[in-house]
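Values in this text are rule-based calculations from the coordinates and carry no lab data. Note that this is a predicted model, so its numbers are computed, not measured. Virtual Cβ from ideal backbone geometry, glycine too; neighbours counted across all protein chains shown.
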Amino acid sequence: MFVEIKIDYERCVGCKECVKACSYGVLEWLDDMPIVVNPHDCAL
């Protein structure tokens, strides 16, 4: 099963907590915003 990961950039405050919280490496920080880099590794 594939989970679609959406980031609400309007609500993002730049704290990087989403990147830190994901132990599967799904998110990375690039150009002052989180991006989804490995969606198939998500365990949700």
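Some points to look at:
Quick grid of which residues meet (1) in contact with a helix residue (DSSP H, G or I) (Cβ under 9 Å, 6 or more places away or on another chain); (2) of a type in the set (S, T, N, Q):
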residue: VAL3; (1), (2): yes, no
residue: GLU17; (1), (2): no, no
residue: ALA21; (1), (2): no, no
residue: TRP29; (1), (2): yes, no
residue: MET33; (1), (2): no, no
residue: ASN38; (1), (2): no, yes
residue: ASP41; (1), (2): no, no
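- Of all residues in region 16-44, those that are touching a residue at least 24 places away in the same chain (Cβ under 8 Å) have Cβ atoms under 6 Å from Cβ atoms of residues that are part of a loop (DSSP other than H, G, I, E, B) and hydrophobic (A, V, I, L, M, F, W, C), 6 or more apart or on another chain, in PRO34/ILE7; VAL36/ILE5; PRO39/ILE5; CYS42/VAL3; CYS42/VAL26; LEU44/VAL3.
- Residue tally, condition of a type in the set (Lys, Arg), over 11 Å from the mean Cα position of the chain (by Cα) and surrounded by 10 or more Cβ atoms within 10 Å (Cβ to Cβ), over region 2-18: 0
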